[in-house]
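Colleague: Below is one structure. I have some questions about it.
The values are calculated or read from the model by the stated rules, or taken from the named source; none is laboratory data. From a predicted model like this one, the values you see are computed outputs, not experimental measurements. Every residue, glycine as well, gets a Cβ built from its backbone with ideal geometry; the counts of neighbours run over all protein chains shown.
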């Protein structure tokens, strides 16, 4: 049986630009929240963001979430990848179009540069589409010695807009 001390906080970045990414992200968050070993404790507003890296594709929808989990970091990654696969995620090209992408951004008490999972996410502080939603609920969270709010001040957020200002957008049907 899990004790209170077994639960740790992690943050996730979610995005997609194929099919109905809002619905895919909502279903992914609901699937995580339904698990005995995960609880979604905060979700950002939903953002519409220009493509990054590979720019000749449709705009993305992005959001971030804070979860509490008893899973270890790699097990959380595996769970996220399993949810992506269940929603028909195909990894054809780096930064290419996708139905759903879930990145583990941070994991309480863990700093690692393992081949499968680097924590904190090594490029999160360069990406406005991660920092802007993350700042909705974790502006004061330190990453690489600076707060999310501080990183956000220097991030490129051109074109990023709020697509849904309701922080419970992921709980609604439709």
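Colleague: Looking at the structure I just gave you, is residue 83 touching a helix residue (DSSP H, G or I) at 6+ places or on another chain (Cβ under 8 Å), under 18 Å from residue 170 (Cβ atoms) and outside any strand (DSSP E or B)?
Modeller: yes
Colleague: Let me ask something else about it. Hey, residue 10 hits all of (1) out of contact with any helix residue (DSSP H, G or I) (no Cβ under 7 Å at 6 or more places or on another chain); (2) touching a residue at least 60 places away in the same chain (Cβ under 8 Å) but one; which does it fall short on?
Modeller: With (1) out of contact with any helix residue (DSSP H, G or I) (no Cβ under 7 Å at 6 or more places or on another chain); (2) touching a residue at least 60 places away in the same chain (Cβ under 8 Å) applied to residue 10, the lone miss is (1).
Colleague: Of the residues 58, 28, which single one is closer than 23 Å to residue 119 by Cβ and touching a residue at least 12 places away in the same chain (Cβ under 8 Å)? I'd like the intermediate steps shown before the answer.
Modeller: Details: 58 fails: closer than 23 Å to residue 119 by Cβ.
Result of the check over 58, 28: 28.
Colleague: Is it the case, given these coordinates, that residue 101 is touching a strand residue (DSSP E or B) at 6+ places or on another chain (Cβ under 6 Å), closer than 21 Å to residue 16 by Cα and in contact (Cβ under 8 Å) with a residue 60 or more places away in the chain?
Modeller: Values: touching a strand residue (DSSP E or B) at 6+ places or on another chain (Cβ under 6 Å): yes; closer than 21 Å to residue 16 by Cα: yes; in contact (Cβ under 8 Å) with a residue 60 or more places away in the chain: yes.
Answer is yes for this residue.
Colleague: On to the next question. Looking only at the range 100-121, count how many residues are part of a loop (DSSP other than H, G, I, E, B) and either more than 14 Å from the chain's Cα centre (by Cα) or at pLDDT 95 or above (or both).
Modeller: Result for the range 100-121: 10.
Colleague: Please state which one of 130, 162 is closer than 19 Å to residue 26 by Cβ, in contact (Cβ under 8 Å) with a residue 40 or more places away in the chain and in a strand (DSSP E or B).
Modeller: 162
Colleague: Has the range 31-49 got at least one residue that is surrounded by 16 or more Cβ atoms within 10 Å (Cβ to Cβ) and at pLDDT below 95?
Modeller: yes
Colleague: Looking only at residues in the range 33-59 that are part of a strand (DSSP E or B) and out of contact with any helix residue (DSSP H, G or I) (no Cβ under 7 Å at 6 or more places or on another chain), which one is nearest to residue 109 (Cα to Cα)? Let's see the steps before the verdict.
Modeller: At the first step, the residues of the range 33-59 found to be part of a strand (DSSP E or B) are 38-43, 46-49.
Narrowing the set further to residues that are out of contact with any helix residue (DSSP H, G or I) (no Cβ under 7 Å at 6 or more places or on another chain) leaves 41, 48.
Details: 41: 18, 48: 31 Å.
Result: 41.
Colleague: Kindly indicate which of 97, 73 is crowded, with 21+ Cβ neighbours inside 10 Å, more than 19 Å from residue 133 (Cβ to Cβ) and out of contact with any helix residue (DSSP H, G or I) (no Cβ under 8 Å at 6 or more places or on another chain).
Modeller: Just a single option satisfies the conditions, and that option is 73.
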